[in-house]
Amino acid sequence: MTEHDHDHARTFQPDHAEPTSEAAQLGLALRELLLEAGHYSVEEEQTMIAAMQGASPENGAKIVAQAWTNAPYKARLLDNGANAIRELGFDLDPFEFTVMDNSKNIHNVIVCTLCSCYPRSLLGMSPAWYKSSSYRARIVREPRAVLTEFGVSLSDDIDVRVHDSTAELRYMVLPQRPAGTDGWSQDQLAALVTRDSLIGVQRELGTASTVGD
Amino acid sequence: MSEPVFTLGQRVRIIDRTPSTHHRVPAYAKGQVGTIERICGVHGDPEKFIRGSGQPPQRLYRVRIPQTMLWEAYDGGPNDMLDIEIFENWLELAT
């Protein structure tokens, strides 16, 4: 023991642990085999990691702002989301990107009950609750109760549509444009759009604190 | 790939079977009747991907099922819907 121990104790942060579980070892071994067999290269892996790290809900917000301000674009987006986001420089290949339009009488919400499918290379990592077994089990069975817990209370004249992402489609909700935003720029509008509204666990978007940001 | 077997709006039943291997139909949807909401193109068969290349591919549909048909004592109206992606080989015409 030395007199420095206290300082060390205050500043000490453990390293990331070496993988010890069988599953983690298996993952590492599989990666090395795939690289060795030439299924992909280290460079391609780095490119993919960089692309994943660049993904965030802001990409979705840009798409939403474009749809809010450009009716023909909105129509193309709802008709074929994969093609429409390519116009803005985004690509979700090989998945079919599918956009669900909220309206006065319809509220959409997204889930993957089987695992946790999410348009990750566009919107970034999904939130932890999206992957929880509780959300996945309950949002299909009692969506109105779950939405209430998220702060979304739906009147009886609003129909709920739950979209279970079980296969090759990846979903995003197109929230409604808030009132009082006439004449706003696309950047101003995009700043209103939240990750949760793109999943469908938020319905109303605020307009208070974003102008001029 | 041939033309879609099912058409928009057609009533279909999701087949109730449980292969021992990976498949993409959750238990709650098996045996349920809905309508074809969207025809979604042709994709590799997830049940074949585990031992190869996903061949032959399968056409994918979105099936719309009223929530009140899925759940007893559902806490919402008859227009609340569950939309789910189902491959063609899991669908049959409902009478």
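Rule-based calculations on the coordinates, nothing more; no lab input. Since the model is a prediction, treat every value here as computed from it, not as a measurement. With ideal geometry, Cβ positions are generated from the backbone for all residues, glycine too; neighbour counts draw on all protein chains shown.
Below, the figures for the structure above:
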{"item": "Among A:Gly54, A:Gly183, A:Gly151: highest mean-square fluctuation, GNM of chain A, C-alpha pairs under 10 Å", "result": "A:Gly183"}
{"item": "Shielding by partners, peptide B:65-76 (average Cβ within 10 angstrom, other chains)", "result": "3"}
{"item": "Cα-based convex hull, region A:19-114, per residue volume (Å³, whole number)", "result": "159 Å³"}
{"item": "Any cysteine of chain A lacking a neighbouring Cys Cβ under 4.7 Å - listed by number", "result": "A:Cys115"}
{"item": "Rounded tilt (10° steps) of A:42-54 against the dominant C-alpha axis of chain A", "result": "50 degrees"}
{"item": "Diffusion constant of region A:92-159 at 25 °C, which comes from Stokes-Einstein with the Kirkwood Cα-pair radius and 0.890 mPa s, µm²/s", "result": "183 µm²/s"}
{"item": "Among B:Gly31, B:Gln58, B:Trp90 the positive-end extreme of the charge dipole of chain B (Cβ point charges)", "result": "B:Gln58"}
{"item": "With Cα atoms, 0 to 90° folded angle of helix A:57-69 axis to chain A main axis", "result": "10 degrees"}
{"item": "Reachable lysines, given that their alpha-carbon falls under 21 Å from the alpha-carbon of A:Lys104 and they are not under 8 places away in the same chain", "result": "A:Lys74"}
{"item": "Scaled radius of gyration (Cα, divided by 2.2 N^0.38 Å) that chain B gives", "result": "1.12"}
{"item": "About the Cα centre, charge dipole magnitude for region A:82-127 (Lys/Arg +1, Asp/Glu -1 at Cβ), debye", "result": "180 debye"}
{"item": "Two-decimal Rg/Rh across chain A, once Rg and the Kirkwood Rh are taken from alpha-carbon atoms", "result": "1.07"}
{"item": "Sorted by Cβ density within 10 Å, fewest first, the residues B:Thr35, A:Thr47", "result": "A:Thr47, B:Thr35"}
{"item": "Euclidean distance between Cα centres, region A:40-58 to region B:42-95, Å", "result": "31 Å"}
{"item": "Given charges at beta-carbon only (K, R positive; D, E negative), |dipole| of chain A in Debye", "result": "960 debye"}
{"item": "Net charge, A:Trp129 excluded, C-beta distance under 15 Å - Lys, Arg +1, Asp, Glu -1", "result": "+2"}
{"item": "Phi-based couplings in Hz for region A:173-183 (Karplus 6.51, -1.76, 1.60; Gly and Pro marked x)", "result": "8, 9, x, 6, 6, x, 5, x, 10, 4, x"}
{"item": "For A:His39, A:His163, B:His43, order by how many other beta-carbon atoms lie within 10 Å, fewest first", "result": "A:His39, B:His43, A:His163"}
